[in-house]
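Let me begin by presenting the structure, written as structure tokens, before commenting on it.
FYI, it's all coordinate maths here, none of it is from the lab. All of these numbers come straight from a predicted model, not from anything done at the bench. Cβ atoms come from the backbone with ideal geometry, glycine included; neighbour counts cover every protein chain shown.
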Amino acid sequence: MDETSPVAVLRLGHRPGRDERMTTHVGLTARALGADRVILPTAAGSSLETVREVTDRFGGPFEAETTDAPLGILRGWEGAVVHLTMYGQPVQDVEGAIRERARSTPLLVVVGAEKVPFDVYEVADWNVAVTNQPHSEVAGLAVLLDRLFEGEELEREWTDADRRVVPSERGKRVDSVEE
Ligand code: SAM
């Protein structure tokens, strides 16, 4: 896509213990696939730490923060809201309209953990399904972001990184980045 306004990802719900890895992966996926910011529930402090550490090591820009009022953020959002849910409209039917809107207005992408309050379905500009089958918020987020950015996020350059992975046919090569 040519240009986008900022894209933020809001994680709704987090069950300490059970959701640690999923919430962390929501943050890491948001960062890796082109969002500008992730907002996690306060209970997800260790996920926040991990996302920030990865950003420090592998670069940004990317913001990670917590909130104790995720529904307040959603209701007060000045922009468009996309809620990922298996009950929504197929992503392939609405991606063009979302992309168009994202050219001029900040986008909030909402992903759930446990049962999502019905309010969210009403506040959202789009309830979007990545297939109408149950799966994972991480998978849904990845597909949505890739459709939104039309693959351009894969070419992204990172700034302020300490290290950089050098793509290899085999093995693992990571270089230190000298400023
Ligand atoms: N059972 C919960 C409910 O009915 O609200 C959802 C649990 S699901 C594991 C957690 C999150 O994954 C959902 O809130 C949604 O954001 C995302 N998700 C799961 N399947 C999806 C799909 N097919 N399309 C888009 N998002 C999906």
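Out of T24, T4, T29, one residue alone is touching a residue at least 40 places away in the same chain (Cβ under 8 Å), within 16 Å of the ligand (Cβ to nearest atom) and in contact with a helix residue (DSSP H, G or I) (Cβ under 8 Å, 6 or more places away or on another chain). It is T29. Give A129, A139, A161 a once-over and let me know the one that is closer than 21 Å to E95 by Cα and more than 14 Å from the chain's Cα centre (by Cα). The match here is A129.
Taking (1) surrounded by 15 or more Cβ atoms within 10 Å (Cβ to Cβ); (2) in contact with a Ser or Thr (Cβ under 9 Å, 6 or more places away or on another chain); (3) of a type outside the set (D, E) in turn, R103 satisfies each apart from (1).
Just so you know, in the range 70-92 the residues that are in contact with a Leu (Cβ under 7 Å, 6 or more places away or on another chain) and not β-branched (V, I, T) include one that is farthest from the ligand (Cβ to nearest atom), and it is G79. If I ask for residues that are within 6 Å of the ligand (Cβ to nearest atom) and in contact with a helix residue (DSSP H, G or I) (Cβ under 6 Å, 6 or more places away or on another chain), which ones from the range 117-136 would you list? Answer for the range 117-136, where residues must be within 6 Å of the ligand (Cβ to nearest atom) and in contact with a helix residue (DSSP H, G or I) (Cβ under 6 Å, 6 or more places away or on another chain): just V130.
Checked against (1) within 22 Å of A43 (Cβ to Cβ); (2) more than 16 Å from the ligand (Cβ to nearest atom); (3) loosely packed, with under 13 Cβ neighbours inside 10 Å, E114 passes all but a single condition, namely (2). Listed by first and then second residue, the pairs with beta-carbon distance under 7 Å, at least 6 apart or on different chains, first residue in the range 114-129 and within 21 Å of M22 (Cβ to Cβ) and assigned to a strand (DSSP E or B), second within 9 Å of the ligand (Cβ to nearest atom) and among the aliphatic types (A, V, I, L, M), are V128/L84; V128/V91; V128/L144; A129/M86; A129/V91. Quick one: would you say G45 is outside any loop (DSSP other than H, G, I, E, B), away from the ligand (no atom under 13 Å from the Cβ) and more than 30 Å from A161 (Cβ to Cβ)? No, not satisfied.
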